[in-house]
Amino acid sequence: MRVIGLTGGIGSGKSSITALFEARGVHAVDADTVAREVVEPGQPALDRIAEHFGRDILDGRGALDRAALRQIVFEQPAEREWLEQLLHPIIRQELMRQLWLSEDAAPPADYEAGYVLLVSPLLLETDQNQLVDRVIVIDVPVDVQIERTMARDANDRDQVERIIAAQMDRQERLDRADFVIDNSGALDEAESQVVRIHQQLSEA
């Protein structure tokens, strides 16, 4: 099964573009969703995190307090490294299962798209890019990223700019793309680009 990576900076519109591919019968796996699933209550990874950081890292329902964990790993690089070493292999294994790349996960018999999507904001920054055959980059100008993210998450401008600065440089991301979707305009403009890319990938 061919895997096509879909990535873009914060505020680029990954969710809306993914929905356009899914509307055409493409199976998509979101790395952010998988990263949340593997630390849900009852999962072994959450138990390991609680053992390492203490039970205070859990909220009243026994779920991971993401804000508290984020603050710890942001301030202590060694703790971030420990967390990444724990979670990255688990996330990768689950991604492979949901992408039908593992031996125990065959695609449905009626699946005809010819490829699946791995949607990940960190596709090019991590070894997740080793799972994909081609890379689609969703591109928007930085000022559009800032405006959309501020409106969506109620973050102030300085915080959004720090997030963008911590991500891969826009030009470097574009240089590594096999396909580029300009998502700075109306959704129907992006949809026409999705249709073209989908046709190319389906016929390849």
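Could you work out [θ]222 nm for the chain from helices alone, using -39500 (n - 2.57) per DSSP H run of at least four and dividing by all its residues? Round to the nearest 500 deg cm²/dmol.
After summing the helix terms and dividing by residue count, I get -15500 deg cm²/dmol.
What size of dipole, in debye to the nearest 20, comes out for the chain about its Cα centre when the only charges are +1 on Lys and Arg C-beta atoms and -1 on Asp and Glu C-beta atoms?
80
For segment 123-172 and segment 8-36, write down the distance between their C-alpha centroids in whole Å.
Between the Cα centre of segment 123-172 and that of segment 8-36, the gap is 14 Å.
State the Cα centre-to-centre distance between segment 190-204 and segment 45-84 in whole Å.
Answer, in whole Å: 41.
I'd like to check one number: the per residue accessible area of segment 50-136, probe 1.4 Å, reported in Å² as a whole number.
Computed with neighbouring chains in place, this is 61 Å² per residue.
Could you work out the per residue convex hull volume over the alpha carbons of segment 59-204, in cubic angstrom?
Measuring per residue, one finds 181 Å³ for the Cα hull of segment 59-204.
Could you please state how large a percent of the accessible area of the chain is carbon and sulfur, counting protein chains only and using a 1.4 Å probe?
Of the solvent-accessible surface of the chain, carbon and sulfur hold 46 percent.
Can you give me the pair-distance distribution of segment 1-143, C-alpha pairs, 5 Å bins, whole percents?
Each 5 Å bin holds this share of Cα pairs: 2, 9, 17, 19, 17, 15, 12, 7, 2, 0.
Using 10 Å bins from zero, what percent of all Cα-Cα pairs in segment 139-184 falls into each bin?
Cα pair-distance distribution for segment 139-184, in percent: 26, 51, 22, 1.
The values are calculated or read from the model by the stated rules, or taken from the named source; none is laboratory data. Just so you know, these numbers come straight off a predicted model, no measurement behind them. Cβ coordinates were reconstructed from backbone atoms using ideal geometry, including for glycine residues, and neighbour counts include every protein chain displayed. Surface areas here come from the heavy atoms of the whole protein model, side chains and all, with no ligands, DNA or RNA. Shrake-Rupley method; radii C 1.70, N 1.55, O 1.52, S 1.80 Å.
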